[in-house]
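The values are calculated or read from the model by the stated rules, or taken from the named source; none is laboratory data. The model shown is predicted, which means the values in this text are computed figures rather than measured ones. Cβ atoms come from the backbone with ideal geometry, glycine included; neighbour counts cover every protein chain shown.
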Amino acid sequence: MAATHLLIGAGKMGGALLSGWLDSGLIPPRKIVILDPAPGPQAVYAIERGAKHITDPADIPRSVRVVLLAVKPQLFEKIGEPLGAVLSPTALIVSILAGTSLQKLDQAFGGRVVIRAMPNTPAAIGAGISAIYVDPNIAPETILIAENLLKSGGEVVRVDSEAALNAVTAVSGSGPAYVFHLVEALEAGAKDLGLPADVAAKLARETVIGSAKLLDASDESPATLRKNVTSPNGTTQAALDVLMGEMGLSKLIIAVVRAAFARAKQLAE
């Protein structure tokens with residue numbers, strides 16, 4: 001069975017999408033090649049089930065037709081040209097590199113179709129969301145191939161400009177880290193009130209997980225769900241008076257997203 005799909009970079013994000021491919025049955029392991037000097041656990045799992053592992057671009061099979069580029073942007077500066085020299089001229093490149101423009105990608109992969117995307121790590125359990133930007137001249141069937149690669153990890157949306165991917169990176173790409181830090185902060189608050197560490201961790205974790213499930217199952221907006229929890233002059237209202245006050249969470253999150261957005265733009269320059 002000739003290999004048809006190449007994963008370049010099998011770290012956190014590349015590994016998350018790889019898990020989605022395997023769990024959904026989208027791509028059999030024996031059709032996958034993994035290029036990474038130190039593959040992560042998801043890649044090791046795939047290799048044990050028949051995926052081919054290589055560390056040198058020169059070993060990429062000519063049968064590869066679809067490439068997911070998931071290395072760190074800084075590393076691409078070193079491996080971009082070697083990859084361009086060995087990949088099939090008809091290969092489709094799907095890049096999830098933050099801040100790496102189509103112009104930079106085309107310098108390495110000139111003549112090949114390149115699509116930029118920004119997924120997030122919940123793709124590892126099929127609960128991610130990805131945004132893609134595609135040139136209007138790319139054939140619909142080619143776009144569908146890229147979307148299917150990403151849909152195995154969750155939902156896919158399109159944005160109408162490459163620049164919008166910087167905003168996507170700041171919101172959903174980095175967003176899971178913000179949520180995880182919220183759990184850390186809620187746990188710290190519980191321990192500050194004297195709850196045992198294990199109880200504090202359990203309460204914080206399950207509160208966020210349960211709230212996310214409720215949001216997912218409800219047709220109501222987040223604002224309505226918040227109001228449903230909040231009794232006038234009650235305990236939740238007292239907390240929200242702080243959380244939504246002058247130095248409130250909304251202003252902080254906007255500042256957080258802007259910082260990530262600025263960094264994504266710097267990487268693109």
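Laid out as a table, the results:
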| item | result |
| --- | --- |
| Residue selected from the range 124-166 under the condition of a type in the set (S, T, N, Q) and part of a loop (DSSP other than H, G, I, E, B), by the criterion farthest from the chain's Cα centre (by Cα) | Asn137 |
| Condition met for Gly175 (touching a residue at least 24 places away in the same chain (Cβ under 8 Å) and touching a Gly at 6+ places or on another chain (Cβ under 7 Å)) | no |
| Those residues of the range 94-123 which are within 18 Å of Val157 (Cα to Cα) and either without any contact (Cβ under 8 Å) to a residue 40 or more places away in the chain or out of contact with any Pro (no Cβ under 7 Å at 6 or more places or on another chain) (or both), in sequence order | Val94, Ser95, Leu97, Val114, Ile115, Arg116, Ala117, Met118, Pro119, Ala123 |
| Matching residues, the range 82-112, being in contact with a Phe, Trp or Tyr (Cβ under 9 Å, 6 or more places away or on another chain), within 21 Å of Ala3 (Cα to Cα) and assigned to a loop (DSSP other than H, G, I, E, B) | Leu87, Ala91 |
| Members of the range 57-69 that are in contact with a strand residue (DSSP E or B) (Cβ under 8 Å, 6 or more places away or on another chain) and assigned to a loop (DSSP other than H, G, I, E, B) | Ile60, Pro61, Val64, Arg65 |
| Pairs, first more than 22 Å from Thr100 (Cβ to Cβ) and free of Cβ contacts under 8 Å to residues at least 60 places away in the same chain in the range 51-75, second assigned to a loop (DSSP other than H, G, I, E, B) and polar (S, T, N, Q), C-beta under 9 Å, six or more apart | Pro61/Thr4; Arg62/Ser88 |
| Yes/no for Val256 being closer than 21 Å to Asn166 by Cβ and hydrophobic (A, V, I, L, M, F, W, C) | yes |
| When residues of the range 239-260 are limited to those that are under 16 Å from Leu186 (Cα atoms) and small (Gly, Ala, Ser), the one farthest from the chain's Cα centre (by Cα) | Ala239 |
| The range 80-117, subset at pLDDT 90 or above and of a type in the set (Val, Ile, Thr), residue surrounded by the fewest Cβ atoms within 10 Å (Cβ to Cβ) | Thr90 |
| The range 1-21, residues that are surrounded by 19 or more Cβ atoms within 10 Å (Cβ to Cβ) and in a helix (DSSP H, G or I) | Met13, Gly14, Gly15, Ala16, Leu17, Leu18, Ser19, Gly20, Trp21 |
| Flag for Ala38 being closer than 22 Å to Ile125 by Cβ, part of a loop (DSSP other than H, G, I, E, B) and of a type in the set (A, V, I, L, M, F, W, C) | no |
| Hits in the range 148-200 - residues which are closer than 30 Å to Leu26 by Cα, of a type in the set (Lys, Arg) and surrounded by fewer than 16 Cβ atoms within 10 Å (Cβ to Cβ) | Arg158 |
